[in-house]
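S.K.: Mind having a look at this structure? Questions to follow.
The values are calculated or read from the model by the stated rules, or taken from the named source; none is laboratory data. Bear in mind that the values here come from a model prediction, so they are computed numbers and not experimental data. Heads up, the Cβs are rebuilt from the backbone with ideal geometry, glycines too, and the neighbour counts pull from every protein chain shown. Side chains are part of the model used for accessible areas, which takes the heavy atoms of the whole protein and leaves out ligands, DNA and RNA. Shrake-Rupley method; radii C 1.70, N 1.55, O 1.52, S 1.80 Å.
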Amino acid sequence: MTDFPWLSVVTFLPLVGALFILFFSRGTAEQVARDARAVALWVSSITFLVSLGLWVNFDVRTSDFQFVEKFVWVPGLDLAYHVGIDGISLFFVLLSTLLTVLCILASWESIQERVKEYMVAFLILETLMVGMFAALDIVLFYVFFEAVLIPMYLIIGIWGGPRRNYAAFKFFLYTLAGSVLMLLAILAMMYQSGTSDMTRLLTFDFAPSLQTWLWLAFFASFAVKVPMWPVHTWLPDAHVEAPTAGSVILAGVLLKFGGYGFLRFSMPMFPLASLEFTPLMFTLSIIAVIYTSLVALAQEDMKKLIAYSSVAHMAFVTLGAFAANTQAVEGAIAHMLSHGFVSAALFLVVGVVYDRMHSREIATYGGLVHRMPKYALIFMIFMMASVGLPGTSGFVGEVLVLIGLFKANSWVGAFAATGLILGACYMLYLYRRVIFGQLTKDNLKSIGDLNMREIAVFAPLLLLVFWMGIYPETFLSAMHVSVENLLERYHSAIAAHGAATAIAAR
Amino acid sequence: MPIAVVPNFALAAPEIFLALAAMALLVTGAFMNERSAARVTSYGGVLALLVTAGIVLSMNKASRMTFGETFIFDGFAAFMKVMILVSAAAVVFMAKEYLIRHEIDRFEFPILVMLATLGMIMMVSANDFIALYLGLELQSLALYVIASFQRDGTRSAEAGLKYFVLGALASGMLLYGMSLVYGFAGTTGFVPLADLFAHGGAPTGVIVGIVFILAGLAFKVSAVPFHMWTPDVYEGAPTPVTALFAVAPKIAAMGLLIRVMVGPFGDLGGQWQQIVIFISIASMILGAVAAINQRNIKRLMAYSSIGNMGYALIGLAVAAEAADPVIRADGIRNMLIFLAIYVFMNVGTFAVILTMRRGGRMIEDIDGLAGLSKTNPLMALCLGVFMFSMAGIPPFAGFLGKLYIFQSAVQAGLFPLAIIGVLASVVAAFYYIRIVKVMYFDAADEAFDSPIGMEMKSILVISFIFVTFFILFPVPLIAGATRATASLLGG
């Protein structure tokens, strides 16, 4: 490990790129657009390469935070610019940097309006996402967590579809309403523990009654982000109206904020409350798995269908996290990563035909296999990965979560397993309606297959889907120690409290 | 208490200088021809206000009293005075162009603002109810006049009249409360009053008096339920005057409120805390809900300022809780930080509102901002940042302001207040981001008149830089507020 500030470079390089575009692009609108695209692609690619350096230099044997940087920010309040990553956050950082590159590539032709602002928004968003996953100061975390709303609001609102105003407002206000309660909880935690340093908060024992309230406040925020039933309704709207790349980032990274939050904050910081609320989490997640899968089955809009499938998939994540055993938690993280690849890819898949036909209605399509064989193949692979076919990344997460769930509570496991069947139903049904059948519609007869740029976008995701599906240990090995450490903390806190109450009762 | 034969005038140097400067400019203006007089008093006024701020900064901040303990100068007074003077200077600076366009560029305008400011800085140094009332009335009388400065316009005249009638009513309530306190305590000085109530007990008459005093001061900070004048006056008054109303008098009245409540009545916190909590909650909710349907941006800013005063009052409610002196001090300090940030956001926003002109006519409709991001991207960026900041979204300054305020509420255990506060801020976020929506999502309207005056540009840039980068360098302001609070509570 070196003294090179890897994390800060990964975090702030995109911001530098954004400022560069903002200040140095001159000339006609066309030149500005071309320069903005090029700069954004270069900057995000370099950022991704640098972030790979994090993985290369990552020490898988320790659960300590690595690449730690700490500077005093506000002395009186003990706030610090404090960043670092462990096995849980490492892959989310990489996911953010990878998907940003793909998003910029995917928007190369579909975005023609205000290209400069678009690229700036995406680069700023990348800074905020990485910062969120890397933050080790709880206020710094909140700053990044909440600031993400601004670029995302603009991306949905400026480049979105016909109902973009409604979707952007709904996204913004839902998320904000959840987050402000978390802010109060953060302030209460700082007051109780006297620190905003997350490494110390992770081992601080809050009073059991206080934990309940703090947990609920964090739940309000993360449940909206995940999103859990019944506060998921912003997601279909936001996905449908957002531009393709916006949906990709939303599904690929932003939804992970919630799952990451549960693992990073709720479980280790409020273990007693987490245990207390596990039945609630299970119930809501099971409802989400079954209900949103059925809703997905009835959708006529491709993006909406994938949005509902995201809710169902993320419910697996919350199930896994709160099952609180090694398989389930690793499965939850793996499933988040896999969902990051697969749902991002599926939105890109929709984006491909949307760019050509400007319609997301399933009924517009049919028989695409005759004109777009490569497209049909790629769509099929990602569809199968979403269903959880062995050999794809989707399988790894789902199977680990299910093993863990059956260990924790076999009824919950049994209900969750229905999600796999329903998932197969709606995905296969979607695939059949879009790809198979006769190519009868006239305007589809001249539709073109994937071009090189689009293949380049899909290639890394394909690689990752198979890599993670065939040899998941590459990914799992980096998170083993951190997950063990998390669960150790979780169970020992519960055991200690149990012992204390037993003594008190005697 | 021995009264010196010659009081220590040095402590009142800023007031004396500002009064002399105002009179000198008045005489100058009277003898010059009308056109050039307006320009001279405008620049002279800005200069005088800034020089006064400089004098305040250069003075020794130790807590000292003069004029028979009726006048106090301490770090707290200095902090408030600098905020008031700088924001008043910014308003006079921005006002010139507007006044010229509306042909109301009389040389009296800057002088009236200076006199109002003089009243304000006297208010925050008042250490006696009589001194307080003198400052307050000097401020109010000057403000009544400038509210109806566009005397040919019915709206402006209505605003002035409304402000005057309701303001006089509030002053009456204040006077009544003060006379009750005097009747039961036998003194109007803050120092003897504080000694009298040091043990927490007070006759009922005094408590009733405090209620009236609070009601009168709540009017001045436009807190619910004494807010009714605010939207009408904001809308009717000429825009630079509205900008002034949104900042300087609010700061002064807040300063006064803090001084009165934690000074003489500091040990009666338990008695008045509920009142402050109530008006705080009511202001936050009303400021958030009532603004949703506003179409006029000046009315919107009126409701926004009502809501923001509600947030600031959280700090005062915390300060009433005398249990832990550190938390109490933090409450005041965080309130000061919040107010300072509020000033920058408001001045910046009004700088944008002052440039909203099409074909020589002012646009006050929010929809008039449609597509500003295309026609003037930099201005749209600035206003967007101010709006996100007011909504309390990080990383902008407004977020830190709210963070500090809520931190105090949480520390003092005022959870209902904090929870209602954050939820109200979500509701309020709706109308702030609606402005962003109009600017960025809606189809472009005609561009505003250009060029934009140098005055607006410079104010806009300064506010923008402050609001955006405050999060990186918060320490100077926090340290200043800490010193101010220490001198208020320790002195």
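S.K.: Given the criteria buried (at least 24 other Cβ atoms within 10 Å of the Cβ), within 19 Å of B:Ser222 (Cα to Cα), touching a residue at least 40 places away in the same chain (Cβ under 8 Å) and of a type outside the set (Gly, Ala, Ser), does B:Leu336 qualify?
M.R.: Yes; evaluated as a whole, the condition is true for this residue.
S.K.: With respect to A:Ala134, determine if the residue is out of contact with any Cys (no Cβ under 9 Å at 6 or more places or on another chain), more than 30 Å from A:Asp86 (Cβ to Cβ), open to solvent by less than 10 Å² (accessible area, probe 1.4 Å) and more than 10 Å from chain B (Cβ to nearest Cβ).
M.R.: Spelling it out, it is not the case that A:Ala134 is out of contact with any Cys (no Cβ under 9 Å at 6 or more places or on another chain), more than 30 Å from A:Asp86 (Cβ to Cβ), open to solvent by less than 10 Å² (accessible area, probe 1.4 Å) and more than 10 Å from chain B (Cβ to nearest Cβ).
S.K.: Within segment B:432-469, track down each residue that is within 11 Å of another protein chain (Cβ to nearest Cβ) and within 23 Å of the chain's Cα centre (by Cα).
M.R.: Once the filter is applied, which keeps residues that are within 11 Å of another protein chain (Cβ to nearest Cβ) and within 23 Å of the chain's Cα centre (by Cα), segment B:432-469 yields only B:Tyr432.
S.K.: Which residue pairs have Cβ atoms under 9 Å apart, sit 6 or more places apart or on different chains, and have a first residue in segment B:372-391 that is assigned to a loop (DSSP other than H, G, I, E, B) and a second that is open to solvent by 10 Å² or more (accessible area, probe 1.4 Å) and modelled with pLDDT under 85?
M.R.: B:Asn376/B:Ala447; B:Asn376/B:Phe448; B:Asn376/B:Ser450; B:Asn376/B:Ile452
S.K.: Based on what the data block shows, is A:Thr175 of a type in the set (Ser, Thr, Tyr) and surrounded by fewer than 21 Cβ atoms within 10 Å (Cβ to Cβ)?
M.R.: Considered against the rule, which asks whether it is of a type in the set (Ser, Thr, Tyr) and surrounded by fewer than 21 Cβ atoms within 10 Å (Cβ to Cβ), A:Thr175 comes out as no.
S.K.: Of all residues in segment A:323-356, which are among the small types (Gly, Ala, Ser) and either touching a strand residue (DSSP E or B) at 6+ places or on another chain (Cβ under 7 Å) or part of a helix (DSSP H, G or I) (or both)?
M.R.: A:Ala323, A:Ala328, A:Gly331, A:Ala332, A:Ala334, A:Ser338, A:Gly340, A:Ser343, A:Ala344, A:Ala345, A:Gly351
S.K.: So, of the residues in segment B:395-417 that are under 19 Å from B:Ala288 (Cβ atoms) and small (Gly, Ala, Ser), which turns out to be nearest to the other protein chains (Cβ to nearest Cβ)?
M.R.: Among them, the one singled out is B:Ala409.
S.K.: Which members of segment A:154-168 meet the condition of being out of contact with any Gly (no Cβ under 8 Å at 6 or more places or on another chain) and at the interface with another protein chain (Cβ under 7 Å from one of its Cβ atoms)?
M.R.: Matches in segment A:154-168: A:Leu154, A:Gly157, A:Ile158.
S.K.: May I pose another question? Looking for whichever is in contact with a Gly (Cβ under 6 Å, 6 or more places away or on another chain) and in a helix (DSSP H, G or I) here; the options are A:Val43, A:Val68. Which one fits?
M.R.: Of the residues listed, the single one that is in contact with a Gly (Cβ under 6 Å, 6 or more places away or on another chain) and in a helix (DSSP H, G or I) is A:Val43.
S.K.: Just need a number here: residues in segment A:143-152 that are of a type outside the set (A, V, I, L, M, F, W, C) and facing another protein chain (nearest Cβ under 7 Å).
M.R.: Selection size over segment A:143-152: 1.
S.K.: Oh, and also: Return the residue satisfying two criteria in turn: it lies in segment B:471-488 and is open to solvent by less than 10 Å² (accessible area, probe 1.4 Å) and within 11 Å of chain A (Cβ to nearest Cβ), and of such residues it is farthest from B:Gly398 (Cα to Cα).
M.R.: B:Ala481
S.K.: Would you point out which residue out of B:Ser389, B:Ser425 is at the interface with another protein chain (Cβ under 8 Å from one of its Cβ atoms) and hydroxyl-bearing (Ser, Thr, Tyr)?
M.R.: Matching residue, one of B:Ser389, B:Ser425: B:Ser425.
S.K.: Against the conditions (1) within 14 Å of chain A (Cβ to nearest Cβ); (2) farther than 26 Å from A:Ile150 by Cβ; (3) open to solvent by 40 Å² or more (accessible area, probe 1.4 Å); (4) not hydroxyl-bearing (Ser, Thr, Tyr), where does B:Ile420 fall short? Just the number, please.
M.R.: Unmet for B:Ile420, out of (1) within 14 Å of chain A (Cβ to nearest Cβ); (2) farther than 26 Å from A:Ile150 by Cβ; (3) open to solvent by 40 Å² or more (accessible area, probe 1.4 Å); (4) not hydroxyl-bearing (Ser, Thr, Tyr): (2).
S.K.: Whether any residue in segment A:113-128 is more than 9 Å from chain B (Cβ to nearest Cβ), within 30 Å of A:Thr199 (Cα to Cα), outside any helix (DSSP H, G or I) and open to solvent by less than 10 Å² (accessible area, probe 1.4 Å) is what I want to check.
M.R.: no
S.K.: Then there is this: Among the listed residues B:Met379, B:Met456, which satisfies the condition of being more than 18 Å from A:Glu146 (Cα to Cα) and touching a Ser or Thr at 6+ places or on another chain (Cβ under 6 Å)?
M.R.: B:Met456
S.K.: Whether any residue in segment A:202-213 is outside any helix (DSSP H, G or I), of a type in the set (Gly, Ala, Ser), over 30 Å from A:Leu450 (Cα atoms) and more than 12 Å from chain B (Cβ to nearest Cβ) is what I want to check.
M.R.: Yes, segment A:202-213 contains a residue that is outside any helix (DSSP H, G or I), of a type in the set (Gly, Ala, Ser), over 30 Å from A:Leu450 (Cα atoms) and more than 12 Å from chain B (Cβ to nearest Cβ).
S.K.: With the structure loaded, tell me whether A:Phe458 is touching a residue at least 40 places away in the same chain (Cβ under 8 Å) and not acidic (Asp, Glu) or whether it fails that test.
M.R.: So A:Phe458 fits the description; yes.
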